[in-house]
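The values are calculated or read from the model by the stated rules, or taken from the named source; none is laboratory data. Since the structure is predicted, the reported quantities are computational estimates derived from the model, not experimental observations. Because the Cβ atoms are built from the backbone with ideal geometry, glycine has one as well, and the counts that use them run over all protein chains shown.
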Amino acid sequence: MTSNKRQKLFLKIISNKEFASIFTLIVLWILFYILNPSFLSLSNLSVLFTVIPIYGITVLGVTVLMIAGEFDLSVAATFALVPLVIQLLISNGISAIVATIIGLLLAVLIGFLNGIIIVKTGIPSFIVTLGTLFVWLGIALQISGGQPHPFILPSIATRILSGSIAFNGLINSQLIWLIVFGVIFYLILERHQWGNWIYATGGNKDVARAMGIKVDYVKIWLFILCAVLAGFSGMMESTLYGQAIADQGGNLELDTIAAAVIGGTSLFGGEGSVLGGIIGTIIIWSIENGLILAGVSSYVYETLIGALIIIVVMVHRYAKKINKNIRLGELNE
Amino acid sequence: MSEKTQPVVKMVNIHKWFGNLYALRGIDLEINRGEVIGLVGDNGAGKSTLMKILAGYHKPDKGEIYVEGKKAEFNSPHEAREMGIEMMYQDLSLINTMNIMRNFFLGREITGRFGFLKFNKMKEEAKNAIEDIGLKIPNLELRADELSGGQRQGLAFARSYYFKKKVLILDEPTNNLSVKETNKVLSFIRSLKVLNISVVFVTHNLFHVHEAADRIVVISRGSKIGDFPKSQISVTELASLITHGS
């Protein structure tokens, strides 16, 4: 390979839209490995990949919604409320299947309400979903009394949602779900006409509307999708720990956005990727784990995440610039 | 009437009020196939209102629209578009963050089974349409915001041509363009004419409209005050007609 060709290949790799996030992930993992080699041990990786796919599924919904130009902060509430409602129904003698269906229908309702309020009133989704976050979180607190409740599904259902499959739990049901959802959303975004409509809605909703795309429908459907994925992954977490609790969504409302942004999704919509969202999730949830293993106070976590968001976005911008130059042919010879 | 001589669009006695404002006071307009019409007039004369009615954004309070001899009523821009009439705004035709091919087929994608995109077919068809209109774009993977102003309009024109539009309404297509880009846009308009698409060119720039149009229609305070073949009126006479109304 001539040096020119090598340089071109190098630039091509850098300009890939997932480059910045993959690069960050590799650097972080090497760093954590140096600080404590057991970071990359099978037992630690299986701890990581037991929870990462659960959050990853929520992040997928948030990412696709952000590509369409909207936010959903209420995922943190949906994540807790859906398993709590399912638990409540089951404890009242309703069968697990019916309870699950009702729980997911509740998620559909939550997403639909977010979508319809935003589309009809024109209030920014950041504000509306901040409101619904507190509304649903409050309801979750009321029905649970703020206490954890045992969440027991029939064992087959538990295995389907969060069972270990191989390699000491490194390969597990939730990972398979994440991969399945990831592939489906990748195909929809990149290869299906719906993806064209989603990118267009986030890119410029006025143009999209002028070209005959039903922008409002696209948004409402994505809010529903986002809520259902959040509810579904919340249910997974509850089967994993055997309990449902109102604060199990933790800081998901912002962590999911951080994961999407670290994965290259634009806050203004129109740009982003499914793979980026998944890598962003792995990065965010690796940091806390890596810091604990390194013996660093986990209070450093917030600082590091904050700094990382800014650095990664800078790398993304650099990669985008190179990508543009390649397309414009300025780097050809 | 044979198809050749029948106007592709005929607007008859169009009236429009906005509250107390009597915006259009009974305007007639005929658009023939493959004809470039320059629509000029001062700010607030009603030219945009007239065109928005034709493109389905407003409904006339009185008057009729005929498309190829058949009476038409548009409740939305979508319905007008279905009939082959499209209004094109400079900044409202392309999505900056998407590539050319995705933009070209936006909302009208070529799909196979289950709605999946047929990229090869889309690429080929877009490439042909772009070449037909005389536009040179080396790489369809370019994003729309990486094109020049002239190329962007050329792309939107190629799209109208590909989707067999009958009438294309251009709202100030030469605004904010360099001289070179303006010439390019004017040449695209001539290509559309050759391809038998009618163009209504709405503008303030009398030089551009005089160069590109076959016929020039002048509107003042909601009424049509002139309708001339280009050869019968000069730019200076047009300017005086617009400013003095005579």
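Tabulated data
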item: Some residue of segment A:186-207 being away from chain B (no Cβ under 14 Å) and of a type in the set (A, V, I, L, M); result: no
item: Residue check for residue A:212: outside any helix (DSSP H, G or I) and either touching a residue at least 60 places away in the same chain (Cβ under 8 Å) or within 14 Å of another protein chain (Cβ to nearest Cβ) (or both); result: yes
item: Among the residues listed as A:276, A:182, A:231, the single one being in contact with a Lys or Arg (Cβ under 8 Å, 6 or more places away or on another chain), more than 14 Å from every other protein chain (Cβ to nearest Cβ) and in a helix (DSSP H, G or I); result: A:276
item: Qualifying residue in segment A:142-163 (condition: more than 19 Å from the chain's Cα centre (by Cα), surrounded by fewer than 23 Cβ atoms within 10 Å (Cβ to Cβ), under 20 Å from residue A:182 (Cα atoms) and among the small types (Gly, Ala, Ser)); result: yes
item: Among the candidates A:24, A:50, residue that is under 30 Å from residue A:246 (Cβ atoms) and either among the β-branched types (Val, Ile, Thr) or out of contact with any helix residue (DSSP H, G or I) (no Cβ under 8 Å at 6 or more places or on another chain) (or both); result: A:50
item: Any hit, segment A:56-77, residues being at pLDDT below 95 and either among the polar types (S, T, N, Q) or outside any helix (DSSP H, G or I) (or both); result: no
item: Verdict on residue A:152 being among the aliphatic types (A, V, I, L, M) and part of a loop (DSSP other than H, G, I, E, B); result: yes
item: Count of residues meeting criterion [polar (S, T, N, Q), under 14 Å from the mean Cα position of the chain (by Cα) and in a loop (DSSP other than H, G, I, E, B)] in segment A:241-265; result: 2
item: Among residues of segment A:1-47, those that are under 24 Å from residue A:265 (Cα atoms) and among the polar types (S, T, N, Q), counted; result: 4
item: Extreme residue, farthest from residue B:29 (Cα to Cα), among residues of segment B:59-80 that are away from chain A (no Cβ under 14 Å) and crowded, with 20+ Cβ neighbours inside 10 Å; result: B:60
item: Long-range neighbours under 6 Å by Cβ, at least six apart or interchain, first residue at the interface with chain A (Cβ under 8 Å from one of its Cβ atoms) within segment B:99-112, second part of a loop (DSSP other than H, G, I, E, B); result: B:106/A:211; B:107/A:211; B:107/A:212; B:107/A:213
item: Pair list, Cβ under 6 Å, 6 or more apart: segment B:200-221 residue of a type in the set (Phe, Trp, Tyr), other residue part of a strand (DSSP E or B); result: B:201/B:38; B:201/B:170
item: Lone unmet requirement of (1) surrounded by 14 or more Cβ atoms within 10 Å (Cβ to Cβ); (2) over 13 Å from the mean Cα position of the chain (by Cα); (3) part of a loop (DSSP other than H, G, I, E, B) for residue B:44; result: (1)
item: Some residue of segment B:29-37 being within 11 Å of chain A (Cβ to nearest Cβ) and either among the charged types (D, E, K, R) or within 30 Å of residue B:138 (Cβ to Cβ) (or both); result: no
item: So residue A:69, is it buried (at least 24 other Cβ atoms within 10 Å of the Cβ) and not hydrophobic (A, V, I, L, M, F, W, C); result: yes
item: Residues being within 14 Å of residue A:206 (Cβ to Cβ) and crowded, with 20+ Cβ neighbours inside 10 Å - total across segment B:81-97; result: 6
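Here is a yes/no grid of residues against (1) closer than 14 Å to residue A:78 by Cα; (2) not in a loop (DSSP other than H, G, I, E, B):
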position	(1), (2)
A:133	yes, yes
A:137	yes, yes
A:141	yes, yes
A:146	no, no
A:160	no, yes
